[in-house]
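What follows is a short report on a single structure.
The values are calculated or read from the model by the stated rules, or taken from the named source; none is laboratory data. None of the values given here were measured: they were computed from a predicted structure. Quick reminder, even Gly has a Cβ in these numbers, built from the backbone with ideal geometry, and neighbours come from all protein chains shown. Each accessible area value is taken on the protein alone, full model and side chains, heavy atoms only, with ligands, DNA and RNA left out. Shrake-Rupley method; radii C 1.70, N 1.55, O 1.52, S 1.80 Å.
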Amino acid sequence: MNTAAASHQPVKPLTGWRVLVPRGGPWGDGVAASLRRQGATPVIAPLINFAPTNDQATLEQSLADLAAGAFDWLTVTSATTVDVLYAYRAVVPATTKVAAVGETTAAALLAVGYRVDLVPERDNSAAGMAEQLIALEPEARDILTLRSEIAKPVLTRRLTEAGHRVRSVVAYRTVGVPVTDRIAEDVHSGRINAILVTSGSVAQQVHEQFPELPETTLVAAIGPRTAKDARRAGLDVDVIAEAQTVDALIDAVAKFSLPHAADEFAPKTGVLPQLHAKHQG
C-alpha cells in the first residue's frame, strides 16, 4: 500500500460520528451502509415495530386479492407498511401499480424487491398522494390502501370522493420497541452523536425513551412534516433534510462538525465551545 497516497485521501465528512438508525430490517441495513460510506459508525436500534392488525382475516384476504390482480393501484404510506408486505411475502402483480408516499417509503419498497410507480412530486403526504393519483387517473380505478390503525383516512376519503373504488385496510398497529440498556446509556452519555428521526412514530419513541437528550446530540428529521411531528412530540429538531431521502438526511448531518471525539472510554469532561455550533444559524 502506498502510504503517501493514503495520507492524501480526503477525510470522510462523518468520520468519528456515531449515528442512531431508528429502524432495522433491509431499510436499516441500507441506511447503515450509507453512513459507513461517509465514515460514520451506525448504531441500529429499532425504536418501532409493527404489531398484527386486530382484523387479520381482512388483511390476508386483501393481500390474496392483491396477488390475484384485483387492484389497479396499491398505496403505501409508510416504511412500516413495507415491513408488513415483506412479512406476509405479499405478491404485487405486474398489472398493479404501486404508489409510495415519499422517498423513504419508496426506498423501503425497493430494498425488499418491490417496484415503485409513483412518488408525489411536491407534497409527500397522503393528501399529496391522493392529489397526484386523482390527476393521473380520471377514470374510476380499484385501489387498495394499507394503513396503520392510527392513520387518518385522508387518502381513502379523497380517492373515494373522486370516484375511485377504494378498499381501506388496517395493516398493522405501531408499537414502541425498548432499546437495550447499553444503547440507552450511550444516548444518555452523549456517545451517540446524532439521531435520525424518520417518522412521527419514531419521534415519539425518541422522546419517551430518551427524555433528557444531551445538548450535544444532533436530532435530524427527514423532512418538514416529520420535523413538525417531532416538535409536537416534544423534541428539539436541529436540522431538517432538504429532501425526504436518506441521502439528504445524512448530508444534512454531515454539514455539522463532530461535537467531541466518539471515544467511549473517555469521560465526558464538559461542554466545549464548538458543542453549541448546532444552535447557530
Choice from VAL91, VAL187, VAL31 with maximal GNM fluctuation in the chain (Cα, 10 Å cutoff): VAL91
Simple spin-label estimate for THR160 and ASP236 in nanometres, 7 Å along Cα-Cβ: 4.4
Sequence-distant residues sharing a close amide H with LEU218 (under 5 Å, placed H): ALA194, ILE195
20 °C / 1.002 mPa s Stokes-Einstein diffusion coefficient of the range 167-258, Kirkwood radius on C-alpha pairs, µm²/s: 155
Assigned charges on the beta-carbon of Lys, Arg, Asp, Glu; the range 86-175 dipole about Cα centre (debye): 360
Rounded accessible area per residue of the range 51-174, 1.4 Å, Å²: 46
Whole-percent carbon and sulfur share, accessible surface of the range 93-152, 1.4 Å: 50
R0 of 35 Å, Cβ-Cβ distance ILE134-ASP247: FRET efficiency to nearest 0.05: 0.75
Beta bridges by DSSP in the range 51-174, antiparallel share as percent, to the nearest 5: 10
The chain - share of DSSP beta bridges that are antiparallel (%, nearest 5): 15
For a label point 7 Å along the Cα-to-beta-carbon line of ALA51, residues of the range 174-210 with backbone N under 11 Å: 174-177
Gyration tensor (alpha-carbon) shape descriptor, the range 32-77, a/c threshold 1.5: oblate
Mean separation of Cα contacts under 8 Å (6+ apart) over length of the range 111-205, as relative contact order %: 22
Which of VAL219, THR198, ALA127, positive extreme of dipole for the range 116-227 (C-beta unit charges): ALA127
Unit charges at the beta carbon, dipole of the range 51-174: most positive-side option, VAL76, VAL166, ALA51: ALA51
Nonlocal amide H pairs with GLY223, under 5 Å, H built at 1.01 Å: ALA241
Prolate/oblate/rounded call for the range 51-174, Cα gyration tensor, a/c under 1.5 rounded: rounded
Estimated inter-spin distance, ASP29 and LYS152, nm [label 7 Å along Cα→Cβ]: 3.7
Theoretical gain in end-to-end length, GLU121 to LYS255 [0.36 nm per residue, Cα-Cα removed]: 45.7 nm
Spacing of the two label points (7 Å from each Cα toward its C-beta) at GLU208 and VAL11, in nm: 3.9
Mean Cα-pair separation over length for the chain, i.e. relative contact order, pairs under 8 Å, 6 or more apart, %: 18
The range 1-101 - percent relative contact order, Cα under 8 Å, separation 6 or more: 22
